[in-house]
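For reference, the structure is listed below as structure tokens.
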Amino acid sequence: MKKLLQNLLKLQELEFAGVIDSNAETAISRLRRKIPLPILQHYDRLTDQGKKGVAMVGHQVCAGCHMRIPIGVIVTLMRDDDIQTCENCGRYLYLPVDEQNEFLEESAEAKAIETRSRAGRKPLLRAM
């Protein structure tokens, strides 16, 4: 999946750069051949509306529409099992490595806080 997203990102960069020469057209056609048709059609629908087809996830937020991304989607992006789209704007999502590390650190901090708060609780006594 990582290669597919990389191809989509390269395609987006070339198409939105505004520079049209024979080298760019050749690169665009080569990239389009590498992307499966259903994914390419969805990408084209977005770009036909003037939107970018791929958006980065930063701080658990889609950079395209600025809406929060569910944790399950982020975990799937981290596992690189499947391609994911934003539930709000429909853009394909990618999670840079530094964002993955930040997400893991935040998760570890939250888990540590939860563990500390549980350790400080008194056990409940049951009446019989």
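Being free of Cβ contacts under 8 Å to residues at least 24 places away in the same chain, over 15 Å from Lys3 (Cα atoms) and not in a loop (DSSP other than H, G, I, E, B): is that true of Val19 here? No: the conditions fail for Val19. Residue count for region 71-89, restricted to those that are surrounded by fewer than 19 Cβ atoms within 10 Å (Cβ to Cβ) and at pLDDT 95 or above: 4. Residue count for region 59-76, restricted to those that are in a loop (DSSP other than H, G, I, E, B) and over 13 Å from Glu99 (Cβ atoms): 5. Of the residues making up region 26-70, those that are hydroxyl-bearing (Ser, Thr, Tyr) and surrounded by 12 or more Cβ atoms within 10 Å (Cβ to Cβ) are Tyr43, Thr47. Scanning region 77-94 for residues that are under 18 Å from Gln49 (Cα atoms) and outside any loop (DSSP other than H, G, I, E, B) yields Thr85, Tyr92, Leu93.
The values are calculated or read from the model by the stated rules, or taken from the named source; none is laboratory data. Worth saying up front: this structure is predicted, and the values here are computed from it rather than measured. For neighbour counting, all protein chains shown are included, and Cβ atoms are generated from backbone atoms with ideal geometry for every residue, glycine included.
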